[in-house]
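Asker: Encoded as C-alpha cells, here's the structure I'll be asking about.
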Amino acid sequence: MPPVFDKVLIANRGEIALRIHRACREMGIQTVAVHSTADSDAMHVRLADESVCIGPPPARDSYLNIPAILSAATIAGADAIHPGYGFLSENARFAEACEAHGFTFIGPTAEHIRTMGDKIVAKQTAKELGLPLVPGSPGPVTSVEEIVTIGNKIGWPVLVKAVAGGGGRGMKVIDAPENAAEQFSMAKVEAKAAFGNDAMYLEKYLGKPRHIEIQVLGDGKGGGVHLGERDCSLQRRHQKVLEEAPSPALNTEQRNRIGELAADAVRKLKYRGAGTFEFLFQDGEFYFIEMNTRLQVEHPITEAVTGVDLVREQIRIAAGGELAFTQADIKIQGHAIECRINAENPDTFTPSPGKVVEYHPPGGLGVRVDSGLYAGYSIPPYYDSMIAKLIVSGPSRNECLMRLRRSLEEFVIGGIETTIPLQQRIIRQQEFIDGDYDIHWLEKLVGLKK
C-alpha cells in the first residue's frame, strides 16, 4: 500500500508517541518527534526520523504549546499531525489551527471535538442520537431548590458534576435534600479552581455500576462501525487501572444492542476517525456519560480481540480513505486484559520517578508491552506516572488470566517503585477472578472506601 502521508508529526510523548511511530513506519511514513528538554533521551525521540525540541519540561511550555508544535511541523515539512491522547488530543482550537496551517489533523473535526467536550451539549447530542442517558437535569443547575426538586423526582442520591469537568474533580454525591446546599457549594468551588468554570449539572447517582465503553470508527462520510466493548470499571480516583475486553458482565444481546446503538450514532454524526462512547451499566441498563474524541489508553485490548490496528485506521481515515471493513467483518475473538503500570508506590501511590537500572519486559504468545522504557532511562517527574502497559490475550478469559499472572511475574523494572505488585494483588482477588466487580470495588480494595 502506498503511503497516505509522507511525514507525520507526533504531538505527544511516552508510550503513545512510540505506538504512533510504529504504525507510521509500518505504513512507510516518516515520523517527526517533538519533545521537551526533559524528554531528549526518550525512546520515541531516538527512533523517529527527525526530532524537534519544543520547550522546557512544563507541559504548558512544550506539549501544550500550539505555536511551538505548528512551528516544528513547518520546519520538518510534515503533512499531518497525530495528537495521541491527553495533552492537545481533544482541543478543538488545536485541530482548527492544524488545518488552518495546512496540516491534516489525525482525528475528528473540531466541531465534533467541541460538541463532545461540553458535557451538557454532549448529553443533548447523545439524546438526539438515540443513546440512553442517566436521568438528571436537562441543563446546568443554578440553585439548591432546583437540585432538591430534581432529586425528589428521580430519587436520591444524586450526583452534581462540573460541566467542564473530568478526572472526578468538581463532582459530589448528595445523598439527601438537607445536604444539597453544602455539597453543591463545595463542588462549585472545586470546579472553579480546577477548570475556571463553576457551571454544574445533575445526574442520578448509580450505586454499583460497571464502566463500559464502546470503541467506534467512522469515515466522516456516514460510514461507521463498532469494535465491541471494554470494561473499565477498575478505577482509583476515577483513573483506570486495569481494563478488559469483552466485559464479563455483558451477555450477547446486551453487547450487540449497545454496540449497534453506538455505531448508528457514529453514522448519524458523520464522525471521522476513532472515538469511544462511555456508559455506566447497572441492572441490565446502559447510561451514556461521555464520548472521547480520541484514541484511548486502553485501545490495545480492542486490537487484540478484533485484529484491527486502530492507529493505522486513524491515519487511513484522516487521509480520506474509506473504512476498510463493514460491521459484518468485525469478529470479537478471545479475551484481552490491559494492566497500566505506573511509576508509583503500589500502596501509597506516591510518584516514583528516577533512573531505570533494570528493564525486562515479559514476552511469549499473546503478550504485548507498550512502553518507552529501557535500562538507563530516567523517568522525568513532570508528567503522568504511567510508564508501561501490559496487554495479554488468550482464547478464553481464564487462559488470559493465567497468562497475565505469568507475565506480571516476569516483568522487571528496577530502580524505581511501580504498581506491578498492585496488579498482582488485583488479579488474585476472587471477585476479580469471577468478574464480579463495579467502579467502586478497587477503591474498597486499596482502602479509599469502606
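Asker: Can you tell me which of (1) in contact with a Phe, Trp or Tyr (Cβ under 7 Å, 6 or more places away or on another chain); (2) open to solvent by less than 10 Å² (accessible area, probe 1.4 Å); (3) within 24 Å of PRO56 (Cα to Cα) is the one TYR374 doesn't meet?
Answerer: (2)
Asker: Identify all residues within segment 140-151 that are surrounded by fewer than 16 Cβ atoms within 10 Å (Cβ to Cβ) and in contact with a strand residue (DSSP E or B) (Cβ under 7 Å, 6 or more places away or on another chain); write none if there are none.
Answerer: Listed by number, the list holds a single entry, PRO140.
Asker: Okay, moving on. Quick one: how many residues across segment 335-365 are closer than 22 Å to ILE433 by Cβ, surrounded by fewer than 17 Cβ atoms within 10 Å (Cβ to Cβ) and of a type in the set (Gly, Ala, Ser)?
Answerer: Final tally of qualifying residues: 1.
Rundown of residues vs (1) in contact with a strand residue (DSSP E or B) (Cβ under 9 Å, 6 or more places away or on another chain); (2) of a type in the set (D, E, K, R); (3) outside any strand (DSSP E or B); (4) in contact (Cβ under 8 Å) with a residue 24 or more places away in the chain, yes/no style:
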| residue | (1), (2), (3), (4) |
| --- | --- |
| ARG114 | no, yes, yes, no |
| ALA122 | yes, no, yes, yes |
| ALA126 | yes, no, yes, yes |
| LYS153 | no, yes, yes, no |
| VAL160 | yes, no, no, yes |
| GLU178 | no, yes, yes, no |
| LYS188 | yes, yes, yes, no |
| LYS192 | yes, yes, yes, no |
| LEU202 | yes, no, no, yes |
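Asker: Spot the failing condition for LEU242; the list is (1) over 24 Å from THR104 (Cα atoms); (2) open to solvent by 10 Å² or more (accessible area, probe 1.4 Å), and only one is missed.
Answerer: Going through (1) over 24 Å from THR104 (Cα atoms); (2) open to solvent by 10 Å² or more (accessible area, probe 1.4 Å) one by one, LEU242 breaks only (2).
Asker: Another question about this same structure. Among (1) open to solvent by 60 Å² or more (accessible area, probe 1.4 Å); (2) modelled with pLDDT under 95; (3) under 30 Å from ALA265 (Cα atoms), which single condition is MET1 missing?
Answerer: (3)
Asker: For GLU278, are the conditions met, namely being open to solvent by less than 20 Å² (accessible area, probe 1.4 Å), in contact with a Cys (Cβ under 7 Å, 6 or more places away or on another chain) and either charged (D, E, K, R) or at pLDDT below 95 (or both)? It would help to see each step written out before you state the result.
Answerer: Working: open to solvent by less than 20 Å² (accessible area, probe 1.4 Å): yes; in contact with a Cys (Cβ under 7 Å, 6 or more places away or on another chain): no; either charged (D, E, K, R) or at pLDDT below 95 (or both): yes.
So GLU278 fails the test.
Asker: Inspect segment 122-129 for any residue being modelled with pLDDT under 90 and closer than 30 Å to TYR271 by Cβ and give the result as yes or no. Spell out how you get there, then give the answer.
Answerer: Residues of segment 122-129 that are modelled with pLDDT under 90, as a first pass: 123.
Checking the rest, the ones that are also closer than 30 Å to TYR271 by Cβ come to 123.
Looking through segment 122-129, at least one residue is modelled with pLDDT under 90 and closer than 30 Å to TYR271 by Cβ.
The values are calculated or read from the model by the stated rules, or taken from the named source; none is laboratory data. These numbers come from a predicted model, not from an experiment. Virtual Cβ from ideal backbone geometry, glycine too; neighbours counted across all protein chains shown. Side chains are part of the model used for accessible areas, which takes the heavy atoms of the whole protein and leaves out ligands, DNA and RNA. Shrake-Rupley method; radii C 1.70, N 1.55, O 1.52, S 1.80 Å.
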